[in-house]
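*Asks:* Have a look at this one before I ask anything.
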Amino acid sequence: MAHPLFRAALLMAGSALAAFAVPAAAQTANPFAAPSTLPFQAPPFNLIHDSDYAPAFETAMAQHLAEVRKIADNPAAPTFDNTIGALETSGRMLDRVSLAFFGVVQANTNDVLDKVQADVSPKLAQHQDAINLDPKLFARIKTLWERRASLKLTAEQTQVLTIYYRSFVHAGAQLGSADKAKLKALNTQLAGLETSYQQKLLAAAKAGALAMTDPAKLAGLSEGELAAAAQAAAERKLEKQWLLVLQNTTQQPLLQSLKDRDTRQALFDASWTRAEKSDGNDTRQTISRLAKVRAEQAKLLGYPNYAAWKLQNQMAKTPDAALSFMRNIVPAATARAEREAKDIQAVIDQQKGDFKVQAWDWQSTPNRCARPSTIWTSRRSSLTSS
C-alpha cells in the first residue's frame with residue numbers, strides 16, 4: 001500500500017502525461033487491471049469511462065484486502081520483507097483507480113462522478129479500517145517495531161517501519177474490539193460527511209457565479225477575461241450576459257481589475273456567502289456535524305479534541321504549538337494590514353472617493369509578497385470608479 005505522499009507525486013506526474021495515447025488493443029473490461037504502459041504509468045484516460053470507476057473500485061478493494069489478508073495470515077515469523085515490504089507493494093490496482101478517479105473529480109467532476117464519490121467514500125473508509133484495525137496484521141508490525149534495534153535495518157527501512165507503526169497506532173490499532181467497532185462507525189460517517197461537504201462547496205461555487213448584463217459594469221477586465229466570462233455564460237445558456245465564475249478563494253482575482261465598485265462588492269459578496277444561502281448547497285449544518293463526529297472520534301482515540309489527534313503526527317504536534325505560531329504572527333500581520341489600509345484610504349480620499357476602504361477594494365491575498373504600495377498602486381484609477 002503505497003504511502004500517500006508517493007501517491008500524490010504520481011498523480012501530478014500522471015496528470016502531466018495523460019495526453020499520451022494508448023493503442024486501442026490495450027483496452028480491457030477493467031482499464032485499471034494492469035499497470036499503464038504510458039510514461040510514469042500515467043492513467044490511460046482515453047480508455048477510461050465514468051462507468052468504469054465504480055466496478056474498478058470494488059475489484060481493487062477486494063484484491064487489496066486479499067493481499068493484506070495473506071500478509072496477516074502468513075505463518076512465518078514477521079520480517080521487514082514479508083510484512084512491511086509486502087504491504088508497500090499491495091493495493092496497486094486500488095492506487096491506480098484512486099489516482100485517476102480523485103484527480104478527475106477534483107478537476108472536472110460531473111453528476112455521475114459525484115455519485116460514485118458519494119458511494120465509494122464510505123466504502124474506502126471501511127476498507128482502510130479493515131486494514132488499520134486488523135489485530136493480526138498490527139501484531140506483526142508491532143513485533144517488528146519492538147525488535148527494530150536488532151533487525152539491522154537500513155535508515156530507509158527504519159523510517160518506513162516507523163511510519164507504518166505510528167500510522168496504525170494513530171488510526172486506532174491498539175483499541176479494544178468494542179471501541180474499534182465504534183470507531184469504524186464514526187469513520188464511515190465522517191467519510192460521507194466530508195464528501196458531502198466537498199460536493200456542496202463545489203456546487204455552491206458553481207451556483208454562486210455572478211451574471212452581468214451590462215458590459216460597462218465590467219470595465220477594467222481584459223479582452224481575454226471578458227471572452228472567458230462570455231463563454232462561461234454561453235455554456236449555461238445565458239444569452240447576452242457575462243458570467244464571473246467563482247474561484248476557490250474568498251478574494252477573487254478579478255477584484256484587482258474591476259473598476260466598478262458595485263461590481264466588486266457583488267462579486268466579493270457572492271464569494272463570501274456562496275455556501276451560506278440556506279439552500280441545498282449550504283455547508284453550515286454539515287460543518288457542525290463534522291465537528292461533532294470528529295470530537296467523538298478524537299475522544300475515542302484518547303485525545304482531548306480532534307486537533308490534538310490530527311496534529312499529533314504533523315509538524316506542529318500540538319494545538320498549542322499551532323495556535324502559538326499563529327498568535328505570534330498576528331501583531332506583525334495586523335500592523336502591515338493597517339499600514340496598507342491607511343495607504344489605500346489615502347488614495348481614496350485624495351481622489352475624493354467619499355467611502356471607507358472595504359474588502360472588495362483591496363486585493364489582500366495572504367501569500368502575496370509584493371510591497372504594500374504595489375498592491376494598490378496598480379489600481380489607483382479604479383478605486384473610486386462607480
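*Asks:* Being touching a helix residue (DSSP H, G or I) at 6+ places or on another chain (Cβ under 9 Å), open to solvent by less than 60 Å² (accessible area, probe 1.4 Å) and modelled with pLDDT of 95 or more is the requirement here; does LYS184 meet it?
*Replies:* No; evaluated as a whole, the condition is false for this residue.
*Asks:* Right, next: Working only within the range 242-274, note down all residues that are over 21 Å from LYS200 (Cβ atoms), open to solvent by 50 Å² or more (accessible area, probe 1.4 Å) and not hydrophobic (A, V, I, L, M, F, W, C).
*Replies:* PRO253, GLN256, LYS259, ASP262, GLN265
*Asks:* Hey, any hits in the range 153-160 for a residue that's closer than 23 Å to GLY302 by Cα and either open to solvent by 40 Å² or more (accessible area, probe 1.4 Å) or not hydroxyl-bearing (Ser, Thr, Tyr) (or both)?
*Replies:* No, the range 153-160 contains no residue that is closer than 23 Å to GLY302 by Cα and either open to solvent by 40 Å² or more (accessible area, probe 1.4 Å) or not hydroxyl-bearing (Ser, Thr, Tyr) (or both).
*Asks:* Of everything in the range 64-87, what is part of a helix (DSSP H, G or I) and surrounded by 17 or more Cβ atoms within 10 Å (Cβ to Cβ)? Give them in sequence order.
*Replies:* Answer for the range 64-87, where residues must be part of a helix (DSSP H, G or I) and surrounded by 17 or more Cβ atoms within 10 Å (Cβ to Cβ): HIS64, LEU65, GLU67, VAL68, ILE71, ALA72, PHE80, THR83, ILE84, ALA86, LEU87.
*Asks:* With the condition kept exactly as written, say whether any residue in the range 346-359 is touching a residue at least 40 places away in the same chain (Cβ under 8 Å) and open to solvent by less than 30 Å² (accessible area, probe 1.4 Å).
*Replies:* Within the range 346-359, not a single residue is touching a residue at least 40 places away in the same chain (Cβ under 8 Å) and open to solvent by less than 30 Å² (accessible area, probe 1.4 Å).
*Asks:* Being closer than 25 Å to LYS115 by Cβ and either among the polar types (S, T, N, Q) or exposed (fewer than 12 other Cβ atoms within 10 Å of the Cβ) (or both), is that true of even one residue in the range 214-235?
*Replies:* Yes: the range 214-235 contains one or more residues that are closer than 25 Å to LYS115 by Cβ and either among the polar types (S, T, N, Q) or exposed (fewer than 12 other Cβ atoms within 10 Å of the Cβ) (or both).
*Asks:* OK, next. Can you tell me which residue among ALA341, ALA291, ALA337 is in contact (Cβ under 8 Å) with a residue 12 or more places away in the chain, among the hydrophobic types (A, V, I, L, M, F, W, C), over 28 Å from TYR165 (Cβ atoms) and surrounded by 17 or more Cβ atoms within 10 Å (Cβ to Cβ)?
*Replies:* That would be ALA341, the only listed residue that is in contact (Cβ under 8 Å) with a residue 12 or more places away in the chain, among the hydrophobic types (A, V, I, L, M, F, W, C), over 28 Å from TYR165 (Cβ atoms) and surrounded by 17 or more Cβ atoms within 10 Å (Cβ to Cβ).
*Asks:* Same structure again: Give the number of residues within the range 164-204 that are under 15 Å from the mean Cα position of the chain (by Cα) and among the β-branched types (Val, Ile, Thr).
*Replies:* Here the count works out to 1.
*Asks:* Next question. Can you tell me which residue in the range 253-284 is nearest to ALA229 (Cα to Cα), limited to those that are within 20 Å of the chain's Cα centre (by Cα), assigned to a helix (DSSP H, G or I) and of a type outside the set (D, E, K, R)?
*Replies:* By that ranking, first place goes to SER271.
*Asks:* Which of the residues spanning the range 101-144 are among the acidic types (Asp, Glu) and under 24 Å from LYS70 (Cα atoms)?
*Replies:* Scanning the range 101-144 gives ASP129, ASP134.
*Asks:* Give just the number: which of (1) at pLDDT below 95; (2) surrounded by 18 or more Cβ atoms within 10 Å (Cβ to Cβ) does ASN281 not satisfy?
*Replies:* Every condition holds for ASN281 apart from (1).
*Asks:* Just to be sure, is SER373 at pLDDT below 95, within 29 Å of THR273 (Cβ to Cβ) and either in contact with a Gly (Cβ under 8 Å, 6 or more places away or on another chain) or not β-branched (Val, Ile, Thr) (or both)?
*Replies:* It is false that SER373 is at pLDDT below 95, within 29 Å of THR273 (Cβ to Cβ) and either in contact with a Gly (Cβ under 8 Å, 6 or more places away or on another chain) or not β-branched (Val, Ile, Thr) (or both).
*Asks:* Continuing with the same structure: Among the numbered criteria (1) modelled with pLDDT under 95; (2) farther than 26 Å from VAL112 by Cβ; (3) touching a Leu at 6+ places or on another chain (Cβ under 8 Å); (4) assigned to a helix (DSSP H, G or I), which one does ALA9 miss?
*Replies:* Evaluating ALA9 over (1) modelled with pLDDT under 95; (2) farther than 26 Å from VAL112 by Cβ; (3) touching a Leu at 6+ places or on another chain (Cβ under 8 Å); (4) assigned to a helix (DSSP H, G or I) leaves (3) as the failure.
*Asks:* Something else: So how many residues does the range 131-179 have that are assigned to a loop (DSSP other than H, G, I, E, B) and either in contact with a helix residue (DSSP H, G or I) (Cβ under 7 Å, 6 or more places away or on another chain) or small (Gly, Ala, Ser) (or both)?
*Replies:* Count: 8.
*Asks:* Sticking with this structure for a sec: List the residue pairs whose Cβ atoms are under 9 Å apart, where the first residue sits in the range 44-67 and is within 15 Å of THR89 (Cα to Cα), the second is buried (at least 17 other Cβ atoms within 10 Å of the Cβ) and among the aromatic types (Phe, Trp, Tyr), and the two are 6 or more positions apart or on different chains.
*Replies:* ALA60/PHE32
*Asks:* Looking at the range 125-140, which of the residues that are within 25 Å of the chain's Cα centre (by Cα) and touching a residue at least 60 places away in the same chain (Cβ under 8 Å) is most open to solvent (accessible area, probe 1.4 Å)?
*Replies:* GLN126
*Asks:* Take the residues in the range 36-51 that are outside any loop (DSSP other than H, G, I, E, B) and not small (Gly, Ala, Ser), then tell me which one is most open to solvent (accessible area, probe 1.4 Å).
*Replies:* Checking each candidate, the answer is PHE40.
The values are calculated or read from the model by the stated rules, or taken from the named source; none is laboratory data. Predicted model, so just to flag it, every value in this text is computed and none were measured. Neighbour counts are summed over all protein chains in view; Cβ atoms, including those assigned to glycine, are modelled from backbone coordinates with ideal geometry. When the accessible area is computed, the model is the full protein with side chains, heavy atoms only, and any ligands, DNA or RNA have been set aside. Shrake-Rupley method; radii C 1.70, N 1.55, O 1.52, S 1.80 Å.
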